[in-house]
Amino acid sequence: MPLRLYNSLTRRVEEFVPLDPQRVTMYVCGPTVYNYVHIGNARPPVVFGLLARLLRRLYPKLVYARNITDVDDKINAAAREAGVPIETITSGYARAFSDDMARLGADPADLTPHATAHIAPIIAMCERLIANGHAYAAQGHVLFDVTSFPAYGALSGRSVEDMIAGARVEVAPYKKNPADFVLWKPSTPDLPGWDSPWGRGRPGWHIECSAMAAAHLGESIDIHAGGNDLMFPHHENEIAQSTCAHGGKIFARYWLHNGMLTFDGRKMSKSLGNVRVLHDLLDRYPGEVLRFLLLKAHYRQPLDWSDAALAQARATLDGWYTVLRDLADIEVAPGERESPAAIDAALCDDLNTPEAFAVVAGLAAAARAARTREEQRRAKAELLGAADMLGILQHDPEAWFKQDLASDTIDAAEIQRRVEARVAAKQARDFATADRIRDELLAVGVVIEDTAQGPRWKVVKTGG
Ligand SMILES: [Zn+2]
């Protein structure tokens with residue numbers, strides 16, 4: 001089944017044909033590690049992690065790199081405020097990012113290059129750009145001359161003339177042209193810096209991705225991905241740097257961009273006070289609920305985050321877990337959990353996750369309706385195979401319904417004792433006691449369900 005992807009560079013859906021099927025390369029712009037990321041920053045690793053999973057099935061020799069920006073003025077400011085070296089800030093938040101991504105089930109990258117470990121290739125790339133007339137040094141800076149690259153602006157659909165005329169870009173005395181961008185900048189003694197031919201300094205943000213992509217994936221890569229907000233200037237600048245440093249070779253053949261997150265229909269921003277921090281959300285919701293909501297909309301569309309959408313996502317997953325719980329005694333061998341063709345078809349259609357989840361809903365309904373054990377076994381295997389591909393329904397269904405148990409009020413063993421006491425009361429026709437036990441458990445958020453196999457219980461979470 002051919003994989004078709006929307007390429008931002010050509011503005012159309014194209015069949016994905018790798019340069020070398022034996023070494024498919026993908027680079028995704030990663031986080032700047034100066035604090036906990038907001039939920040919008042989790043969309044690229046989850047979405048493009050799913051793409052990596054799909055690519056790996058088609059091309060087992062995929063190399064997927066996602067960088068860590070660990071030198072940046074925001075990091076410097078955070079370190080100064082906390083009175084610690086920048087490494088304390090960057091290593092702590094890089095670890096937190098990686099842990100939180102694991103809780104979302106985001107596929108790990110094969111390579112996680114850090115900018116500070118690539119200063120030599122960054123300097124070498126700056127030198128090459130100066131040597132071939134695409135960059136110049138001025139007052140301790142190295143700047144890219146945008147007029148030297150006629151294709152500048154092609155990805156985002158802007159022209160250099162408009163950018164110069166618009167000149168909302170910072171006009172600095174060392175720039176020949178207001179649209180020129182920084183490859184290297186000088187550091188004062190209190191800031192992190194490295195020796196370079198232009199004095200002690202540090203890299204600009206854009207050059208690190210160009211240098212690290214070349215160092216690990218090669219001069220021309222198959223896929224480059226990131227958020228829509230990075231298309232200009234970051235990705236535009238990456239294209240200019242890489243193409244000009246590598247003699248005009250195409251840098252990335254397919255550019256993929258995900259849409260932005262809003263909260264209750266408004267942009268997430270500090271001033272509106274509606275920024276949702278991933279690390280905090282993970283304290284309140286299972287990672288799978290967040291993952292499901294991040295993948296529910298098509299990746300190129302905007303995604304509106306809200307408490308209602310979270311509750312809805314939780315309810316949908318609860319419904320599917322209920323199907324699995326009802327079929328708990330139906331054995332499915334691991335080898336039978338194959339991703340159904342309909343899931344692969346949806347994902348190969350420019351990562352159509354809304355369609356894939358519609359398929360899952362259909363499989364769950366079929367599993368619920370199955371009557372014979374053989375029908376149930378087949379339906380459960382298909383549902384699990386689809387869920388494995390999408391990274392959902394990865395928990396034991398019993399445990400899923402009990403994970404919100406507030407451990408300080410009551411424990412699972414005590415609940416089980418009371419459920420059994422209620423059974424005994426009912427058998428003794430002491431319905432008053434049976435109802436009292438049911439109500440007491442309900443008061444601590446535990447619901448008893450009477451099923452053909454006997455009573456079972458689950459925790460219901462009220463509110464967020
Ligand atoms: Zn980047």
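The values are calculated or read from the model by the stated rules, or taken from the named source; none is laboratory data. Predicted model only: the values in this text are computed from it and were never measured. Cβ: placed from backbone, ideal geometry, glycine included. Neighbour counts: every protein chain shown. To get the accessible areas, we keep the full protein, side chains included, count just its heavy atoms, and leave off ligands, DNA and RNA. Shrake-Rupley method; radii C 1.70, N 1.55, O 1.52, S 1.80 Å.
The table that follows gives values for the structure above.
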item	result
Sole residue being of a type in the set (A, V, I, L, M) and open to solvent by 40 Å² or more (accessible area, probe 1.4 Å), chosen from Ile119, Ile164	Ile164
Scope segment 59-92; condition part of a helix (DSSP H, G or I), more than 22 Å from Ile207 (Cα to Cα) and either open to solvent by 70 Å² or more (accessible area, probe 1.4 Å) or of a type in the set (Lys, Arg) (or both); matching residues	Arg80, Glu81, Thr88
Selected residue (criterion: farthest from Thr353 (Cα to Cα)) from residues of segment 291-310 that are of a type outside the set (S, T, N, Q) and in a loop (DSSP other than H, G, I, E, B)	Pro302
Residues of segment 28-52 classified as among the hydroxyl-bearing types (Ser, Thr, Tyr) and either surrounded by 20 or more Cβ atoms within 10 Å (Cβ to Cβ) or within 16 Å of the ligand (Cβ to nearest atom) (or both), total	2
Which numbered condition Asp100 fails, given (1) open to solvent by less than 20 Å² (accessible area, probe 1.4 Å); (2) within 16 Å of the ligand (Cβ to nearest atom); (3) of a type in the set (Asp, Glu)	(2)
Unmet criterion (only one of (1) more than 14 Å from the ligand (Cβ to nearest atom); (2) open to solvent by less than 60 Å² (accessible area, probe 1.4 Å); (3) not β-branched (Val, Ile, Thr)) for Leu230	(1)
Residues satisfying the stated conditions in segment 238-256, i.e. within 13 Å of the ligand (Cβ to nearest atom) and surrounded by fewer than 24 Cβ atoms within 10 Å (Cβ to Cβ)	Trp255
Residue satisfying all of: in segment 128-154; exposed (fewer than 15 other Cβ atoms within 10 Å of the Cβ) and touching a residue at least 60 places away in the same chain (Cβ under 8 Å); nearest to Tyr174 (Cα to Cα) among these	Asn132
Residue count, segment 170-185 (criterion: more than 16 Å from the ligand (Cβ to nearest atom) and open to solvent by less than 60 Å² (accessible area, probe 1.4 Å))	9
Checking Ile86 against (1) away from the ligand (no atom under 16 Å from the Cβ); (2) in contact with a Leu (Cβ under 8 Å, 6 or more places away or on another chain); (3) not polar (S, T, N, Q), the condition it does not meet	(2)
Matching entry among Asp326, Asp349 (being in contact with a Pro (Cβ under 9 Å, 6 or more places away or on another chain) and open to solvent by 50 Å² or more (accessible area, probe 1.4 Å))	Asp326
Set Arg337, Arg371, Arg378: member being of a type outside the set (S, T, N, Q), farther than 25 Å from Val447 by Cβ and surrounded by fewer than 17 Cβ atoms within 10 Å (Cβ to Cβ)	Arg371
Leading residue by the ranking (most open to solvent (accessible area, probe 1.4 Å)) among those in segment 451-461 that are part of a loop (DSSP other than H, G, I, E, B) and under 17 Å from Lys426 (Cβ atoms)	Gln453
Pairs, first open to solvent by 60 Å² or more (accessible area, probe 1.4 Å) in segment 425-450, second at pLDDT below 95, C-beta under 7 Å, six or more apart	Arg438/Ile448; Val444/Thr409; Val444/Ile410
In segment 8-27, residue farthest from the ligand (Cβ to nearest atom) [restricted to those that are outside any loop (DSSP other than H, G, I, E, B) and in contact with a Leu (Cβ under 9 Å, 6 or more places away or on another chain)]	Glu15
Unmet criterion (only one of (1) open to solvent by less than 20 Å² (accessible area, probe 1.4 Å); (2) of a type outside the set (Ser, Thr, Tyr); (3) in a strand (DSSP E or B)) for Met125	(3)
Residue within segment 219-240 that is assigned to a loop (DSSP other than H, G, I, E, B) and within 30 Å of Val182 (Cβ to Cβ) present	yes
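Yes/no per residue for (1) within 12 Å of the ligand (Cβ to nearest atom); (2) within 28 Å of the chain's Cα centre (by Cα); (3) small (Gly, Ala, Ser):
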site	(1), (2), (3)
Ser187	no, no, yes
Pro192	no, no, no
Pro197	no, no, no
Arg200	no, no, no
Gly204	yes, yes, yes
Cys209	yes, yes, no
Leu217	no, yes, no
Ser220	no, yes, yes
His224	yes, yes, no
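For every residue, the table says whether it meets (1) in contact with an Asp or Glu (Cβ under 9 Å, 6 or more places away or on another chain); (2) free of Cβ contacts under 8 Å to residues at least 40 places away in the same chain; (3) farther than 19 Å from Val46 by Cα.
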| position | (1), (2), (3) |
| --- | --- |
| Ser210 | yes, no, yes |
| Leu217 | no, no, yes |
| Thr243 | no, no, yes |
| Gly248 | no, yes, yes |
| Leu272 | no, yes, yes |
